[in-house]
Amino acid sequence: MIELAPTRSDSDLRRGSEGLGGPAGSHMAEAGWWNPLRAVLIAGSVVYGLGLVLTSSCASNGWVDPDRLYHLCYSDVPVLYELRGLADGLIPYLEWPQGAQPLEYPVLIGGFMYVAAGITSALTGAGTSAVVFYYVTAIALFAFFLVALAATSLTVRGRMWDGMLLAVAPSVALASTINWDWLAVALTALALLAWSRRMPLWAGVALGLAVSAKFYPLLLLGPMFLLCFRAGRLRQWALLATATVGSWAVVNIPLAVASPEGWSYFFRFSAERGQDYGSVWLALEIAGLDLSGVNALALGSFVALCAGIAALILMAPVRPRVAQVAFLIIAAFLVTNKVYSPQFVLWLLPLAVLARPRWRDIIWWQVAEVVYFVSIWWYLVSFTEAKTGLPESVYAVAILVHIVATLALAALVVRDILIPRFDPVRSDGVPLHQDDPGGGVLDGAKDRWALRRRSSTV
């Protein structure tokens, strides 16, 4: 398949290229060794490396307050290395320090942390080092980032250059080593790639492993069911769902049996958590609203958005693309969730690139996320140095900025679904018979059931 040049497909890039020789022409030479995927991976490596440079000041002084907040290089990695007993060789979920809580993450992340702690111990001998653990973790997460980058670039055939939107995103440099999110993001990206290659069983295996790292990928099964229902592809969805449950069970059941208390703590912790950093509920609380029933509010608003997405899938004139509804469901979860941590933007990045691959739109969304990223850490400075930290009211505004930006990007995706000619993937030279070139068995499938007749115009 011919690779679609960005300056041909993106009107903003086409105009911007005029001062650099203009857009790619019809006689453009073959890429040779320097193909789009290699260019994307190298660019991503540079941006990820820049992020490590930005965190070096924290690593050099042991992540002390308030320097780690001033310098925007906070990370959970060195903190939990010591607090959850990994520095002492304790096994996550089976053991935890006396008087402390069990590990509050799904089991695949716990296993990742335990392996990284073992490598740290081998490198440091009898001593322990949070700095070494951090860099071991960062290097391993870099590998998962590259997997996510490659999978995202390859999911839609002929559009590998879209991966550059993920590679150079500021959030990659700023948020990659706050937590262990790239593990789940990479596995989710692999699931979407496998689905696009008509391998629902392997897509389910990857998705189940992703759910074993972070819970959010499980949400993809709902809109995938409706897409497959509309297209008459429920057998493939059943394979996807069965493999998802199976791979999740293989990873989780042994620990659930061995230590029910340690294994289930993640679920208890999530249920009992109140409104927290980054959530719209915290912004409303700062504004003076009583949010004593935040669990019901968060769940109710998410269910309402899910109902809207379901109606959109079934009523759209042309069946939505997989990436579009995947982005919408995760965005709905994040904007209604009780917490929207700064690293959660990594969950959305690959999905946004696949759903709305337009440089202008991804850039302004990322600018809003950078504003929020700076704001949360400078706001937390006020807990240690009240006179220099960001005021609470300003932080609340920053929360609303990144929530509104996410909703605005989601609104563009909804418009693309309702008016397919605005969809970049469907209007940038993709053959008309390919209604979802990343949709696997859904691509080109006729509707079997829908609330509206399929439009003949793409």
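The values are calculated or read from the model by the stated rules, or taken from the named source; none is laboratory data. These numbers were taken from a predicted model, which means no experiment stands behind them. Note that each Cβ is placed from the backbone with ideal geometry, even for glycine, and that neighbours are counted across all protein chains shown. To get the accessible areas, we keep the full protein, side chains included, count just its heavy atoms, and leave off ligands, DNA and RNA. Shrake-Rupley method; radii C 1.70, N 1.55, O 1.52, S 1.80 Å.
Quick notes on this one:
- The requirement of being open to solvent by less than 30 Å² (accessible area, probe 1.4 Å), touching a residue at least 60 places away in the same chain (Cβ under 8 Å) and of a type in the set (Phe, Trp, Tyr) is fulfilled nowhere in the stretch 159-166; no residue meets it.
- Residue check, Tyr93 of a type in the set (Ser, Thr, Tyr) and open to solvent by less than 50 Å² (accessible area, probe 1.4 Å): yes
- Selected residue (criterion: nearest to the chain's Cα centre (by Cα)) from residues of the stretch 120-145 that are small (Gly, Ala, Ser) and farther than 16 Å from Trp63 by Cα: Ala143
- Qualifying residue in the stretch 220-235 (condition: among the charged types (D, E, K, R), in contact (Cβ under 8 Å) with a residue 40 or more places away in the chain and closer than 21 Å to Gly440 by Cβ): yes
- Residue tally, condition among the acidic types (Asp, Glu), closer than 30 Å to Gly438 by Cβ and over 15 Å from the mean Cα position of the chain (by Cα), over the stretch 344-397: 1
- Which listed residue is part of a helix (DSSP H, G or I), open to solvent by less than 40 Å² (accessible area, probe 1.4 Å) and within 30 Å of Ser247 (Cβ to Cβ), from Thr120, Thr55: Thr120
- The stretch 97-108, residues that are buried (at least 21 other Cβ atoms within 10 Å of the Cβ) and either over 19 Å from Ala271 (Cα atoms) or in contact with a Lys or Arg (Cβ under 6 Å, 6 or more places away or on another chain) (or both): Leu103, Leu108
- When Leu69 is tested against (1) closer than 19 Å to Asp181 by Cβ; (2) surrounded by 14 or more Cβ atoms within 10 Å (Cβ to Cβ); (3) not β-branched (Val, Ile, Thr), just one condition goes unmet, and that condition is (1).
- Residues in the stretch 261-277 that are under 22 Å from Leu103 (Cβ atoms) and crowded, with 19+ Cβ neighbours inside 10 Å: Gly262, Trp263, Phe266.
- Residues being in contact with a Gly (Cβ under 7 Å, 6 or more places away or on another chain), in a loop (DSSP other than H, G, I, E, B) and small (Gly, Ala, Ser) - total across the stretch 164-215: 1
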